[in-house]
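Contents: one structure, followed by commentary.
The values are calculated or read from the model by the stated rules, or taken from the named source; none is laboratory data. Small disclaimer: the values here were computed from a predicted structure and weren't measured. Cβ coordinates were reconstructed from backbone atoms using ideal geometry, including for glycine residues, and neighbour counts include every protein chain displayed.
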Amino acid sequence: MSEQNSTPARRRILDAADELFYAHGINSTGVDAVIEAAGVARMTFYKHFGGKQALIMAYLEGRETRWQLRLQRAIDDAGDDPRARLLAVFDALEGWAQSESQFRGCSFVNALAELAEPDHPARAVIHSYKAALRDCVFQLAQESRTADPELLTDQLMLVYEGAISTNSLHTVENAVGKAHFTAAQLINASVPVASDRPS
């Protein structure tokens with residue numbers, strides 16, 4: 001179901017799950033806590049989700065949808081400059097980190113660590129989301145006409161994922177901001193300026 005077309009009760013349940021799962025963890029948050037925070041009846045919860053597994057999937061899907069909107073907006077705002085479009089991935093990351101009242105890292109990586117069962121359906125979804133992000137960065141790297149888009153993509157993904165983890169561990173001050181600076185250096189060193197690119 002599209003969340004734009006969801007009922008107010010479903011929206012409240014998802015909002016509660018989003019806040020509680022991200023702040024306290026999926027395994028530490030029971031269905032009862034979500035029901036209480038959402039202010040709905042138990043029957044209403046099960047009518048909309050059937051159980052916790054469906055709620056987890058909806059939580060992750062909601063997070064991915066919001067990230068994709070933020071990322072696409074940042075890329076669009078960057079215009080036609082290929083360097084700016086690549087760096088937009090880190091613009092979006094900075095905006096996301098600043099929008100969280102308590103930034104606890106990547107909700108997908110956190111979920112992957114918690115959902116240890118190899119056959120949990122959320123694990124395949126999480127891997128798919130991360131692959132989609134890498135595909136996006138690789139496409140932007142190809143469009144930039146860098147000499148080695150595969151290498152630049154790997155470098156930027158390492159900086160991106162490392163920034164999120166380091167920020168959560170508080171081992172580097174302003175890790176996300178410094179990752180933005182590092183990404184800009186990598187991009188500027190790898191992507192030719194417009195006048196140097198073949199027409």
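A single member of Asp81, Asp76 is within 18 Å of Ala183 (Cβ to Cβ), assigned by TED's automatic domain parsing to the domain that holds Ala184 and not hydrophobic (A, V, I, L, M, F, W, C), and it is Asp81.
A single member of Phe108, Phe138 is modelled with pLDDT of 95 or more and either out of contact with any helix residue (DSSP H, G or I) (no Cβ under 9 Å at 6 or more places or on another chain) or not basic (Lys, Arg) (or both), and it is Phe138. Every listed requirement among (1) farther than 21 Å from Val137 by Cβ; (2) not in a loop (DSSP other than H, G, I, E, B) is met by Ser28 save one, (2).
Exactly one residue among Val159, Val191, Val125 is touching a Ser or Thr at 6+ places or on another chain (Cβ under 8 Å), modelled with pLDDT under 95 and surrounded by 15 or more Cβ atoms within 10 Å (Cβ to Cβ), and that residue is Val191. On inspection, Phe21 qualifies as part of a helix (DSSP H, G or I), touching a residue at least 40 places away in the same chain (Cβ under 8 Å) and either surrounded by 13 or more Cβ atoms within 10 Å (Cβ to Cβ) or among the charged types (D, E, K, R) (or both).
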